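Engineer: Have a look at this one.
The values are calculated or read from the model by the stated rules, or taken from the named source; none is laboratory data. Owing to the predicted nature of the structure, the values given are computational and were not obtained by experimental measurement. Neighbour counts are summed over all protein chains in view; Cβ atoms, including those assigned to glycine, are modelled from backbone coordinates with ideal geometry. Note: accessible area is taken over every heavy atom of the protein model, side chains too, but ligands, DNA and RNA are not part of it. Shrake-Rupley method; radii C 1.70, N 1.55, O 1.52, S 1.80 Å.
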Amino acid sequence: MPPVFPMLTVLSMFYYMCLRRRARTATRGEMNSRRAIESNTRALPINVEVVQYAKEVLDFSSHYGSENSMSYTMWNLAGIPNVYPSSGDFTQTAVFRTYGTWWDRCPSARLPFKRTPSTFCSQDYVELAFEEPVYPTAVHILETYHPGAVVRILACSANPYSQNPPAEVRWEILWSEAPTKVNGPQARQFTPCIKQINFPTNLIRLEVNSSLLDYYTELDAVVLHGVKERPVLSLKTSMIDMNDIDEDEDEEKFACGMDTLNKQFSIVTLREWPTNGYFDKLPYELIQLILSHLTVPDLCRLAQTCKLLYQHCCDPLQYIHLSLQPYWARINDTSLEYLQSRCTLIQWLNLSWTGNRGAISVSGFSRFLKVCGSELVRLELSCGHFLNETCLEVITEMCPNLQELNLSSCDKIPPQAFNHIAKVGSLKRLILYRTKVEQTALLSILNFCSELQHLSLGSCVMIEDYDLIASMMGAKCKKLRSLDLWRCKNITESGIAELASGCQLLEELDLGWCPTLQSSTGCFTNLARKLPNLQKLFLTANRSVCDTDIEELAANCTHLRQLDILGTRMVSPASLRKLLESCKDLSLLDVSFCSQIDNRVVLELNANFPNVFIKKSFTQ
């Protein structure tokens, strides 16, 4: 009689998979409507649905507006709609800082990190708190201008209004999709089909990607629908579809892969084999090249298969460039601890968006950099709200070769902490957008970091005298190629003159929403004459820009690729024609709200210069 043990083993495995499927379905409640119908399920008990608008905006990565105003800021997402169902450009909406691909085509553009999973395409985010925790049944996003930017909606288990911090903070993806092109800029209510989660939430996060948009997306309000009691699904059938098991495994792939980071891989537990098949015949370098195409979670999973692949997956050469931003929701101190041995040669590190709500501690971050910081050249820490003065001190001490530092929207770092950055004399790129850097610290940085090529000071509201800052740049930062002074409140023609005289290699300059600059002083003509290498110039919302300025740009800045003169009343169609004829590389021209440039002129210019994207936003 043949042995029955193999068959029993197969049946036992199948029974285990069925039980695992049933248990997961009962605990997570993630069956969608299709499966519910096919399985003849019904939700018990029936709850009264709670409908609520966002109570508060807790966090965000960027916004178009000023830190001292409500116009075009993320704070407009709190409360009831201000604009919807109207369409158009309204100051009462929430607008992110960028759109399209223009920011990837300018001198300040940064090289992307390899190994970024294709499922992660988020560029910005905003987190919203609601009054009551509920089990979400629907999320409505009211988009009033150029919709289609939202690519992911997440829910958090932490209650931002609870007095007791949770032992564990969980994020679940309610909905996710690749960017899509929406025809037309008209307003809409976006209501994607969300999945059920097994915890109540009053913290919702929207992530956006604006790369396919023709202009800034504008959001008016977010409505959360949900029930107070958890819906319980009762099955009337015991039939289980094997395809469902595969689908759930795919859904959990992201979570399981990153959870593996938090487990120690012990080589003694790996199975011993006499050979490793054809892998033994491949050169070490070739296997390394093959594995370089895997994402970090895939490397962690592959490391558990055999000793040979474990050795390859843990080789520090696989972690020369490492971006943990796609996994921000699951990165914590334990993750960093078990990555330490692999990251001893790391040169590029992206920890943007990670570590918030206690996930990464100051001590955990410091331990990691003390082991892995010596070779670091590039460090991305955007929106890292765990950062404090100690962290900056550790960065300057442990990263002697650092050339690029991104602290964008790290608004929890105290002003005095920025003094430490002056110790990193090798810096070539420094991004301080929306930080609390003060004038004294910035002057020290500019004095000692003379190698700077790219500097972002957009929305740095604590700097008192931008003319002094510009003068220091002109004297010390001769290699500067790009400068972001977006919404700097007090720079004048004096500072611009010092800047243009000393930083003649500038290729990109953002002076958008700088109200103290007036064309009548000659500041813009001076720029055009002194900076012939300019490729990008933003003079957004400066109503004084005139024909003389445009003609000087046409005569002197023939390499110009992007020009924003939104809001000017003094520029005529004739000067724009001269500019377009002279600047053959021009690809973006924003003439929104320019009173002399009507739609008829835009159509004519588009017909004669088809390679230029000419933007004309319509008024309310």
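Engineer: Is the shape of the range 52-155 best called rounded, prolate or oblate, per the rule: a/c under 1.5 gives rounded, else a/b larger than b/c gives prolate, else oblate, with a ≥ b ≥ c the square roots of the Cα gyration tensor eigenvalues?
Structural biologist: It is oblate, given that a/c is not under 1.5 and a/b is not larger than b/c.
Engineer: What net charge is computed for the residues neighbouring I496, neighbours being all others with C-beta under 10 Å from the C-beta of I496, Lys and Arg scored +1, Asp and Glu -1?
Structural biologist: So the environment of I496 carries a net charge of -2.
Engineer: Moving on to the next point. Separation of the range 156-233 and the range 402-420 by C-alpha centroid, Å?
Structural biologist: 29
Engineer: Under a point spin-label approximation (7 Å from Cα along Cα-to-Cβ), what is the L111-R600 distance to one decimal in nm?
Structural biologist: Taking the simple label geometry, L111 and R600 are separated by 5.1 nm.
Engineer: Whenever you get a sec, compute what percent of the accessible area on the range 324-470 sits on carbon and sulfur atoms (1.4 Å probe).
Structural biologist: 47
Engineer: In whole percent, how big is the carbon plus sulfur part of the accessible area of the range 510-612, probe 1.4 Å, protein atoms only?
Structural biologist: Taking all protein chains in place, the range 510-612 shows 49 percent carbon and sulfur surface.
Engineer: Then there is this: Leaving out ligands and nucleic acids, note down the accessible area per residue over the range 42-181 with a 1.4 angstrom probe, in whole Å².
Structural biologist: 45
Engineer: For the pair E397 and T101, what calculated FRET efficiency results from E = 1/(1 + (r/R0)^6), where r is the Cβ-Cβ distance and R0 = 30 Å, to the nearest 0.05?
Structural biologist: Calculated transfer efficiency: 0.20.
Engineer: With Rg and the Kirkwood Rh both taken from Cα atoms, where does Rg over Rh land for the range 49-227?
Structural biologist: 0.96
Engineer: Let me ask another. How much length, in nm to one decimal, is gained on full extension between H140 and F199, taken as 0.36 nm per residue of separation minus their Cα-Cα distance?
Structural biologist: 19.3 nm
Engineer: Quick check for you: with a 1.4 Å probe and neighbouring chains kept, what is the accessible area per residue of the range 514-568, in Å²?
Structural biologist: Using a 1.4 Å probe on heavy atoms only, each residue of the range 514-568 averages 33 Å².
Engineer: May I pose another question? For a quick check of your reading of the filter: which chymotrypsin sites (Phe, Trp or Tyr not before Pro) in the range 62-168 sit in a DSSP loop and have no more than 16 other Cβ atoms within 10 Å?
Structural biologist: Passing both the DSSP loop test and the Cβ count: Y161.
Engineer: Of K281/K370; K479/K536; K370/K423; K181/K412, which sit over 27 Å apart, Cα to Cα?
Structural biologist: Correct reply: K281/K370; K181/K412.
Engineer: Taking θ = phi - 60°, what integer Hz values does the Karplus form 6.51 cos²θ - 1.76 cosθ + 1.60 yield along the range 483-489, in sequence order, with x for Gly and Pro?
Structural biologist: These are the phi-based 3J(HN,Hα) values: 9, 10, 10, 3, 6, 6, 8 Hz.
Engineer: Between V461 and K307, what length in nm is gained on full extension when 0.36 nm per residue of separation is reduced by their alpha carbon distance?
Structural biologist: The V461-K307 span can extend by a further 50.0 nm.
Engineer: Using a Debye calculation, one point per C-alpha and no hydration shell, please list log10 I(q)/I(0) for the range 354-469 at q = 0.11, 0.18 Å⁻¹ in order.
Structural biologist: For the range 354-469, the Cα-only Debye profile gives -0.31, -0.87.
Engineer: Say each of E132 and E229 gets a label point 7 Å from the Cα, pointing the same way as Cα to Cβ; how far apart are those two points in nm?
Structural biologist: About 1.4 nm, to one decimal.
Engineer: A138: net charge of surrounding residues, Cβ under 13 Å, Lys/Arg +1, Asp/Glu -1, itself excluded?
Structural biologist: Net of charged neighbours comes to 0.
Engineer: Report the FRET efficiency, 1/(1 + (r/R0)^6), for V169 and K479, where r is their Cβ-Cβ distance and R0 is 35 Å, rounded to 0.05.
Structural biologist: E(calc), rounded to 0.05, equals 0.25.
Engineer: While we're here: If R0 is 35 Å, what FRET efficiency do you get for S426 and N490 from their C-beta distance, rounded to 0.05?
Structural biologist: 0.70
Engineer: Per 0.36 nm of contour for each residue apart, how much would the distance between S118 and Q340 grow if the chain were fully extended, relative to their Cα-Cα spacing?
Structural biologist: 77.4 nm
Engineer: Measure off, as a whole percent, the carbon and sulfur share of the 1.4 Å-probe accessible area of the range 49-227, all protein chains present.
Structural biologist: Answer for the range 49-227 is 49 percent, counting heavy atoms of protein chains only.
Engineer: Along Cα→Cβ, 7 Å out, is where each label goes; now give me the distance between the ones at N611 and T180 in nm to one decimal.
Structural biologist: Those two pseudo-labels are separated by 3.4 nm.
Engineer: Compute the signed sum of charges (Lys and Arg +1, Asp and Glu -1) over the other residues within less than 11 Å, Cβ to Cβ, of P160.
Structural biologist: In short, -2.
Engineer: Another question, if that's okay. Heavy-atom accessible area per residue, the range 319-454, 1.4 Å probe: how many Å²?
Structural biologist: Per-residue value: 31 Å².
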